[in-house]
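Note sheet for the following structure.
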Amino acid sequence: TQLLEQSPQFLSIQEGENLTVYCNSSSVFSSLQWYRQEPGEGPVLLVTVVTGGEVKKLKRLTFQFGDARKDSSLHITAAQTGDTGLYLCAGAPGNQFYFGTGTSLTVIP
Amino acid sequence: DAGVIQSPRHEVTEMGQEVTLRCKPISGHDYLFWYRQTMMRGLELLIYFNNNVPIDDSGMPEDRFSAKMPNASFSTLKIQPSEPRDSAVYFCASSLSFSGGTDTQYFGPGTRLTVL
């Protein structure tokens with residue numbers, strides 16, 4: 001069992017559509033991060049959320065940290081082909097650092 | 001800055017051979033991380049260093065894996081002997097600090113290892 005479960009695992013949508021991906025855990029995190037990984041490259045940090053209930057916006061991307069700090073969501077408005085990639089949530093309960101199971105997003109032109 | 005540099009980018013070897021992966025972190029970063037990514041298990045932290053000292057190696061799968069950081073600008077991950085199940089993409093990352101998961105980790109491009 002993974003500490004951070006993401007859903008859906010795969011998502012294929014048309015350009016211009018909206019989407020939401022989720023990151024859930026049974027553990028409480030002091031903060032969560034979202035990374036995006038493109039094929040053949042390493043993950044790149046998008047955002048860090050640190051306060052329960054926090055909402056952060058990054059252009060068309062909206063990140064939310066759950067009130068209980070056990071979950072997070074990423075909403076993309078009007079998806080573009082450049083949004084294609086693997087989205088990973090991540091957090092550190094203690095000295096270890098865990099990545100979620102990932103959501104592979106494909107935006108079709 | 002050139003970012004985190006990893007070599008080789010691709011490695012194909014036969015079962016039983018020794019494999020050495022190399023990483024040069026971003027200058028000035030005190031933390032260095034080694035990860036392994038597979039379809040089955042996702043991205044897993046193997047070991048990380050602070051100021052060249054291994055802090056947590058609980059993610060290292062078994063004794064066949066070892067990692068060293070002889071100085072602030074170089075680290076190696078060695079697998080001896082290699083097995084087909086070690087086939088994966090291995091990433092190195094570095095960061096200025098590591099406190100509660102709020103720090104930015106900068107990843108290298110990865111080494112794709114195939115063990116035949």
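The values are calculated or read from the model by the stated rules, or taken from the named source; none is laboratory data. Predicted model, so just to flag it, every value in this text is computed and none were measured. Every residue, glycine among them, receives a Cβ derived from its backbone with ideal geometry; neighbour counts consider all protein chains shown. Just the protein is used for accessible areas: all its heavy atoms, side chains included, with ligands, DNA and RNA removed. Shrake-Rupley method; radii C 1.70, N 1.55, O 1.52, S 1.80 Å.
The set of residues in region B:85-116 that are open to solvent by 60 Å² or more (accessible area, probe 1.4 Å) and not in a loop (DSSP other than H, G, I, E, B) comprises B:Arg85, B:Tyr106, B:Arg112.
Residue-level check: of (1) open to solvent by less than 40 Å² (accessible area, probe 1.4 Å); (2) under 20 Å from A:Gln96 (Cα atoms), A:Leu19 misses just (2).
The residues in region B:24-35 that are away from every other protein chain (no Cβ under 11 Å) and assigned to a strand (DSSP E or B) can be counted, and the count is 3.
When B:Ala93 is tested against the conditions (1) in contact with a Ser or Thr (Cβ under 8 Å, 6 or more places away or on another chain); (2) modelled with pLDDT of 95 or more, the lone failure is (1).
Picking from residues in region A:37-72 that are surrounded by 19 or more Cβ atoms within 10 Å (Cβ to Cβ) and touching a residue at least 40 places away in the same chain (Cβ under 8 Å), the one that is nearest to the other protein chains (Cβ to nearest Cβ) is A:Pro43.
Pairs linking a residue in region B:31-46 that is in contact (Cβ under 8 Å) with a residue 12 or more places away in the chain to a residue that is part of a strand (DSSP E or B) and of a type in the set (Asp, Glu), with Cβ atoms under 6 Å and 6 or more positions apart or on different chains, are B:Arg36/B:Glu44.
In summary, A:Ala78 fulfils each of the numbered conditions (1) in contact with a Leu (Cβ under 7 Å, 6 or more places away or on another chain); (2) more than 14 Å from chain B (Cβ to nearest Cβ); (3) at positive phi with the single exception of condition (1).
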